[in-house]
Amino acid sequence: MSTVTRRRVGGQSSNSEDEHHTSTEPVRNSPIPDKKIAYDPRDIDESKSTPKLTLMEEVLLLGLKDKQGYLSFWNDSISYALRGCIVIELALRGRIAMVRDANRRRYPLADRYIEVVNENLTGEVLLDEALKMMKTSEKMSVSTWIDLMSGETWNVMKIGYQLKQVRERLAKGLVDKGVLRTEKRNFLLFDMATHPVADPAVKEEIIKRVCTMLVTRVSPAAVDAQSDVPHAYVRTVSMICSAYAANVLENALLYLQPDLREQAFNKVDELMNDYSSWPFTGSNSKVEIPSGTELSLEVVAGVINVLAKMDAIL
């Protein structure tokens with residue numbers, strides 16, 4: 001039987017700035033002028049609907065304390081999981097895919113190489129920063145990219161691949177989107193910028209989506225049909241698996257009765273097993289895979305495979 005567990009990364013991130021970044025100036029929303037803004041249509045692909053929030057932002061929201069506006073100081077899993085979310089998000093948006101090589105099947109999912117297949121920017125700063133790194137670097141595997149972006153490397157030549165202050169940057173992005181607000185809170189010896197929830201409806205929708213997926217029978221085809229966002233079902237599964245690995249999923253399940261909570265965690269275990277292999281297997285994975293997206297969704301499976309193995313159950 002699955003129980004509520006604490007999950008942690010095998011190696012703690014070296015990114016201390018990601019844990020205790022401080023700011024003295026609050027971020028304020030400013031009205032957007034009613035005038036056209038020039039941009040290069042080749043940079044931002046608007047041909048398909050994109051989600052309001054990225055996977056990283058949804059996972060961060062689940063971890064944030066609504067009123068206090070900060071994450072648990074004891075959570076040493078979320079930093080690594082957020083980097084995994086970045087790779088998944090790029091794959092779901094069709095920017096990256098596994099290298100098309102028949103011999104890749106000889107290697108574990110996590111060790112297969114990624115390549116950029118669409119250079120168009122997404123408009124999300126963190127995603128575009130990661131995309132540019134992948135475009136200009138040598139081809140590397142799924143697990144290697146997550147490690148490098150997390151700072152989990154002893155190779156000083158590759159320390160520049162680390163994405164810094166990811167939590168704070170995601171929080172400020174959510175402030176810009178009107179989901180959070182910025183406040184300054186004193187923690188005895190230092191001041192820290194916190195980000196309480198400003199629009200509770202957004203987080204409530206995420207929690208509702210998580211609970212619906214985990215305690216009711218949900219048809220992948222129905223979920224995809226009701227959403228104008230590509231890969232809606234796989235996106236939600238990815239968010240749930242990432243939140244579980246980040247040790248924040250239980251925050252969404254606190255409102256369930258104990259028996260339903262137990263059922264939900266059992267379902268998470270099934271989803272992690274089904275979606276950490278390729279092609280997706282099991283009764284929970286009857287998803288339609290549009291032609292031409294197979295190699296991108298294989299990256300998603302590779303990341304979930306990494307997340308499923310990244311931590312120890314205490």
Provide a single number: the residues in the range 183-196 that are touching an Asp or Glu at 6+ places or on another chain (Cβ under 9 Å) and surrounded by fewer than 20 Cβ atoms within 10 Å (Cβ to Cβ). 3
Checking Glu115 against (1) surrounded by fewer than 16 Cβ atoms within 10 Å (Cβ to Cβ); (2) in contact with a strand residue (DSSP E or B) (Cβ under 9 Å, 6 or more places away or on another chain); (3) free of Cβ contacts under 8 Å to residues at least 60 places away in the same chain, which single condition isn't satisfied? (1)
Kindly establish whether Thr50 is in contact with a Pro (Cβ under 9 Å, 6 or more places away or on another chain) and in a loop (DSSP other than H, G, I, E, B). yes
Scan the range 137-174 for residues that are at pLDDT 95 or above, farther than 22 Å from Asn75 by Cα and in a helix (DSSP H, G or I) and report the count. 2
Considering only residues that are touching a residue at least 60 places away in the same chain (Cβ under 8 Å), of a type outside the set (A, V, I, L, M) and in contact with a strand residue (DSSP E or B) (Cβ under 9 Å, 6 or more places away or on another chain), which ones fall in the range 190-248? Asp191, Thr194, His195, Pro196, Lys203, Tyr244, Asn247
Quick check on this structure: which one of Val300, Val268, Val210 is over 27 Å from Ser49 (Cα atoms), surrounded by 15 or more Cβ atoms within 10 Å (Cβ to Cβ) and in contact with a helix residue (DSSP H, G or I) (Cβ under 6 Å, 6 or more places away or on another chain)? Val268
Among the residues of the range 221-233, are any surrounded by fewer than 19 Cβ atoms within 10 Å (Cβ to Cβ), among the hydrophobic types (A, V, I, L, M, F, W, C) and outside any helix (DSSP H, G or I)? yes
Is one or more of the residues making up the range 289-300 modelled with pLDDT under 95 and closer than 18 Å to Ala222 by Cβ? yes
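The values are calculated or read from the model by the stated rules, or taken from the named source; none is laboratory data. This one's a predicted model, so the numbers in the text were calculated from it and none came from an experiment. Don't worry about glycine lacking a Cβ; one is built from the backbone with ideal geometry, like all the others, and counts go over all protein chains shown.
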